[in-house]
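Here's the structure, in structure tokens; my notes come after.
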Amino acid sequence: MLRWIRAARSRPRHDDAGPRPGALTPCSRANARDRWSFALSRERMIMNDHRRLGRELGIFDTDPLIGSGLPYWLPAGAALRKAVEDYVHELERRNGYRHVNSPVLGKRELYERSGHWAHYAEDMFPPMNVGGEEFVLRPSLCPHHAIVYRSHQRSHRDLPLRLAELGGMYRSEPSGVLGGLSRVRAIQLNDGHVFCPPEHAAAEVSAALDLIGQAHARLGVGAVRYRLSLRGEGGKYVDDPAMWARSEALLREVLAGRGQDYDEEPGEGAFYGPKIDIQITDPAGRESTLSTVQVDLYQPARFDLTYVSPEGPRRPVMVHRSVVGGLERLAAHLIEVHAGAFPAWLAPVQAVVLPLSDAELPAAAELLRRCLAAGLRAELAPADRGSLGARIRAHRLVPYQLVVGPREAAAGGASVRLRDGGQAGDVPVERLAAEARPFVG
Ligand SMILES: [Zn+2]
């Protein structure tokens with residue numbers, strides 16, 4: 001690995017070095033104490049607010065004609081989102097998940113069967129009547145995955161069956177609580193369900209927590225605490241005390257076995273079971289759940305899921321897990337944590353080609369073509385857009401700035417300048433592309 005890139009990667013992340021308000025002006029030399037005091041100030045809250053940065057960086061926007069809580073992704077946001085999607089898909093593939101795709105709506109009867117209709121209807125959009133049948137925008141992917149499970153007869157040899165999907169789901173949130181990307185009505189959820197024998201459920205929960213930790217480290221997510229979310233009072237929760245006792249004991253056992261600190265919170269569980277929620281905060285200190293692992297002994301019974309075992313038919317446990325949560329909330333967090341200076345593998349534009357003058361334009365265009373062919377998200381900023389200094393400032397968040405002068409043009413290369421002002425010299429674009437991938441090897 002290139003030494004200069006290793007040095008850049010070893011820079012402390014936001015979550016262990018404190019907030020990075022200076023990241024928008026990478027040349028600033030504020031010391032750590034200044035940064036901490038700044039972190040406490042209102043300016044930081046405004047500076048890093050993902051709604052302001054998201055618009056400034058061309059990541060997302062909203063329009064009253066589309067509606068509240070229905071943001072759309074602009075090109076830079078779509079590039080960022082695709083990088084996350086590809087990374088998570090690959091992480092899951094390497095960890096034994098099989099990906100499926102299912103529709104974003106289903107018949108009302110599906111949600112009556114899953115229990116959503118009885119316990120969760122107030123968070124769902126009202127049904128649409130089509131030809132005498134009622135369809136509902138799905139409030140979760142679980143029922144579809146239960147149907148995928150039962151589409152084939154399963155044997156104990158097939159388990160664990162780990163299904164994953166990046167799919168749309170919808171919540172009928174009141175307009176007063178909606179904001180930017182962090183609270184929306186249409187969610188692209190990184191979801192997954194592991195169907196396994198009861199005696200393997202603890203190990204699957206623990207493996208899901210490992211996966212979450214791995215993804216958080218790679219993305220730079222700064223989790224603030226683990227929460228064991230339990231059932232509360234009232235009819236929102238399935239009334240089966242023995243079932244809740246079993247699933248809560250299982251989650252407690254996993255957390256204790258991992259030596260993981262956590263807070264218990266009654267009234268935050270899913271209607272069908274308890275959850276381990278991994279909490280994040282925004283610059284204003286508001287907390288929300290990003291990743292979650294849940295144990296469900298309810299829906300397998302509702303859908304009569306079984307598998308064949310030497311002892312006869314048995315009921316699997318369903319472990320629900322989301323490694324990075326909804327992509328909207330994740331993007332809001334990443335925008336705020338990195339203040340727009342995303343790691344190279346996530347950056348919407350990874351490389352910008354900067355010819356010194358018009359004379360180097362043909363060589364720069366050829367270099368751009370090679371960057372794109374190597375897999376980099378790259379663009380060209382020709383000399384008619386201003387002085388080299390002005391163009392570098394305009395692209396200050398781009399990790400690799402490839403300056404092409406007469407010497408570089410003649411050699412078919414570029415002088416690579418890093419986002420923090422460091423010089424890397426003449427580095428082949430193929431090596432830059434290799435360094436800008438989320439997985440090494
Ligand atoms: Zn689920």
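The values are calculated or read from the model by the stated rules, or taken from the named source; none is laboratory data. Values in this document were obtained by computation on a predicted structure and should not be read as measured data. For the accessible areas, the whole protein counts, side chains as well, though only heavy atoms, and no ligand, DNA or RNA atoms are used. Shrake-Rupley method; radii C 1.70, N 1.55, O 1.52, S 1.80 Å.
Here are a few things to note about the model shown:
- Lysines whose Cα lies under 19 Å from that of K236, excluding same-chain neighbours fewer than 8 positions away: K275
- Once the 1.4 Å probe is applied to the protein heavy atoms, the chain comes out at 46 Å² accessible per residue.
- Derived scalar couplings ³J(HN,Hα) [the range 286-297; Karplus, 6.51 cos²θ - 1.76 cosθ + 1.60; whole Hz; x for Gly, Pro]: 6, 9, 8, 8, 9, 10, 8, 9, 9, 10, 10, 9
- Computed over the range 191-347, the alpha-carbon pair-distance distribution with 5 angstrom bins reads 2, 8, 18, 20, 18, 14, 10, 6, 3, 1, 0, 0, each value a whole percent.
- For the chain, the longest principal axis of the Cα atoms and the long axis of helix 201-219 meet at an angle of about 20 degrees.
- Counting all C-alpha pairs of the range 101-222, share separated by more than 20 Å (%): 56 percent
- Helix 241-257 and the long axis of the chain differ in direction by around 40°, with both axes built from C-alpha atoms.
- Between the helical axis of 361-373 and the longest alpha-carbon principal axis of the chain there is an angle of about 20 degrees.
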